[in-house]
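Before any comments, here is the structure.
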Amino acid sequence: MHFTVEAQKIVADHLQPGNIAIDATAGNGHDTVFLANTVGPHGKVHAIDIQGQAIERLQQTLSQLDLLERVEVYAADHALIEQVVAPKLSSFVDCAMFNLGYLPHSDKSITTHRASTLRAVEGAYRLLKPGGMMTVLAYVGHPGGRDEAEGVSAWLESHADDLRVDRIQDESNPQSPILWVIKKNP
Ligand SMILES: C[S@@+](CC[C@H](N)C(=O)[O-])C[C@H]1O[C@@H](n2cnc3c(N)ncnc32)[C@H](O)[C@@H]1O
């Protein structure tokens, strides 16, 4: 299974033209472009990444695809998602996507970490509309990855009364990525 494709398929069933979405780990922009195409010209995507270089490339890509107008781009730590994004929001958010870890073929030391990821997931969850959804894709094979995934799992358990969650992984592979699909209770 290709987990990034699976996450997009699941989001595509939920997200509508005109909606508001967040890409909390924009990187090379595959999810940002997907979200921008899905929300259409009347929607908005807020895309965050801590790497200035990734953000510059993302802006070029969005410009080439004529999508700049529907995407707000932030070079920032997503732990600060509420401070950075909330002032730019016209309403609560329909969907947020997280693709954790590091950018492939890039500096592996610039990776997401348990503490900042938990602040970001918590912040994004607070920005979601009731009935909104969030995907979190975690990788356990790199240093700190399993600890980060355990942190997300514990956070979800502690919020079990407020949300519904599906966990998707390849049970036959101990190194399988984990995809959580989270729906905030209406
Ligand atoms: C797996 S990559 C995301 C790939 C991206 N979804 C794409 O389509 O190319 C993870 C990204 O998280 C970013 N990142 C790491 N720590 C971060 C943080 N604290 N805040 C925001 N972004 C962070 C990295 O720079 C990297 O681009």
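The values are calculated or read from the model by the stated rules, or taken from the named source; none is laboratory data. All figures in this text were calculated on a predicted structure; none of them were measured in a lab. A quick note on method: Cβ atoms are made from the backbone with ideal geometry, for glycine too, and the neighbour counts reach across all protein chains shown.
Part of a loop (DSSP other than H, G, I, E, B) and polar (S, T, N, Q) - does that describe any residue in the range 129-141?
So far as the range 129-141 goes, no, none of its residues is part of a loop (DSSP other than H, G, I, E, B) and polar (S, T, N, Q).
Can you go through 16, 60 and tell me which one is touching an Asp or Glu at 6+ places or on another chain (Cβ under 9 Å) and surrounded by fewer than 16 Cβ atoms within 10 Å (Cβ to Cβ)?
Within the list 16, 60, the selection yields 16.
Here are the criteria: (1) more than 14 Å from the ligand (Cβ to nearest atom); (2) of a type outside the set (Phe, Trp, Tyr); (3) over 29 Å from residue 146 (Cβ atoms). Tell me which single one residue 93 does not satisfy.
Of (1) more than 14 Å from the ligand (Cβ to nearest atom); (2) of a type outside the set (Phe, Trp, Tyr); (3) over 29 Å from residue 146 (Cβ atoms), only one is false for residue 93: (3).
Would you confirm, using the coordinates I've provided, whether residue 67 is crowded, with 18+ Cβ neighbours inside 10 Å and either more than 28 Å from residue 13 (Cα to Cα) or at pLDDT below 95 (or both)?
no
If I ask for residues that are touching a strand residue (DSSP E or B) at 6+ places or on another chain (Cβ under 6 Å) and either under 18 Å from residue 103 (Cα atoms) or among the hydrophobic types (A, V, I, L, M, F, W, C) (or both), which ones from the range 12-26 would you list?
Residues of the range 12-26 that are touching a strand residue (DSSP E or B) at 6+ places or on another chain (Cβ under 6 Å), as a first pass: 14-15, 19-26.
Hits for the range 12-26 are 15, 20, 21, 22, 23, 24, 25, 26.
For the range 27-34, state whether one or more residues are within 18 Å of residue 180 (Cα to Cα) and within 12 Å of the ligand (Cβ to nearest atom). Walk me through how you get there before you give the answer.
Initial filter on the range 27-34 (within 18 Å of residue 180 (Cα to Cα)): 31.
Add one more test, that the residue is within 12 Å of the ligand (Cβ to nearest atom), and what stays is 31.
For the range 27-34, residues within 18 Å of residue 180 (Cα to Cα) and within 12 Å of the ligand (Cβ to nearest atom): present.
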